[in-house]
Amino acid sequence: MSSTRALSLTAFLTLLLVGLMMGANHVAARLAFGSGLDVATAVAVRSGVTALVVGLLIVTARVPLRAMGGRPRNALLLIGVLIGVQSQCLYSSVARLPVALALLAFNTYPLFTAMWDRLIYGHAPSRAMVGAMPVILLGLGLALDVLGAASGLGAGTQWVQMGAGVAFALAAAASFGLALILTQHETQGLDGRWRTLFNMAAACVIALAVVGWHGAPQWPGSTFGWLGLAALSFLYGTAFTIMFTVLPRLGAASFSAIMNVEPIFALGLAWWVLDQAIAPSQVLGAVLVVGAVIWLGLRKTT
């Protein structure tokens, strides 16, 4: 079993900051959606800003683009489309569910990653993944209150209210899981900053196509809405900038595991900013999901 260098305090705090900014990005998005901003416009602006920032980093650092054959190029194009779909679906879920619950449902992506790896490349899931699966599913069931016990609405009414939001979150998780597997197997050797630039550019193009299909962008109708749009773009772009510049220098190999505290940050911020609260049993479910995903991430790097 290989070991990894322990995180420094600076690296750990930086990772927590990235998780906080990612959670805050979704809270800002929900604030903007409540003011009339549509999902496609939000994704287009956010992805475009992030692509611009990462592009400037690439130019400044003079990051070379390795020549790629046909298969990696095709995979990169597909990955970009998947990230675009994931962005649309996740924000659509955030627009319909309490922010923390949307992110928790999305955090099932390790299960989809294992599924795609098995279906496409024939790799059996690890023991850790098999053991974590029931814990994640149980926690998700509690967090989403699938039986309607915490809300008192009953299962039927509960699913009428949240079914579409959950479906969008799971579609985002499935898309993201497939993107991760294709990235791992098909784009090795390509600098992460170039991958991010391609992904964000593709997400922006897809979002612009959806905006055009709807006829025109729908902008926020209030000052708070515009502040929400500015905040989500700033937070998302800044978080990605930190991830692809600062963290590699710190050697933070376990960043993906620690950053899965994002739903916990979102839970607190949504309660404070949006007055979204969930029942104690749902909090327990959130802890189970986040704990299992963090454990999986740390197992991969120890």
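Here, each number is a calculation from the coordinates, and none is a lab measurement. Because the structure is predicted, anything quoted here is derived from the model rather than measured. Methodologically, a virtual Cβ is constructed for each residue, glycine included, from the backbone with ideal geometry; neighbour enumeration extends over all protein chains shown.
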Using Cα springs under 10 Å in a Gaussian network model of the chain, which residue among ALA128, ALA172, ALA201 shows the largest mean-square fluctuation?
ALA128
Starting from a Cα-only point model with no solvent, please compute log10 I(q)/I(0) by Debye for segment 155-232 at q = 0.13, 0.23 1/Å.
-0.71, -1.13
What order, most packed first, do the peptides 36-45, 116-125 have when packing is the mean number of other Cβ atoms within 10 Å of each residue?
36-45, 116-125
Of ALA61, ALA24, ALA167, which has the largest mean-square fluctuation in a 10 Å C-alpha GNM of the chain?
ALA61
Three semi-axes of the equivalent ellipsoid, segment 121-201, Cα gyration tensor, whole Å, largest first
34, 18, 9
Given segment 9-300 reduced to its alpha-carbon atoms as identical point scatterers, what log10 I(q)/I(0) does the Debye formula return at q = 0.09 Å⁻¹?
-0.42
With Cα springs under 10 Å, the Gaussian network model of the chain assigns the largest mean-square fluctuation among PRO280, PRO217, PRO110 to PRO280
Hits for the chain under the membrane-span-like helix rule (DSSP H, Cα axial span at least 15 Å, Kyte-Doolittle mean at least 1.0) are 9-33, 39-61, 127-144, 223-250, 262-273, 280-300
Which whole-number percent is the relative contact order of the chain (Cα, under 8 Å, 6+ apart)?
43 percent
Summing +1 per Lys or Arg and -1 per Asp or Glu among the other residues with Cβ less than 13 Å from ALA179's Cβ gives -1
The chain, dipole about Cα centre (Lys/Arg Cβ +1, Asp/Glu Cβ -1), debye to the nearest 20
820 debye
Helix-only [θ] at 222 nm, the chain, -39500 (n - 2.57) per DSSP H run of 4+, per residue, nearest 500, equals -26500 deg cm²/dmol
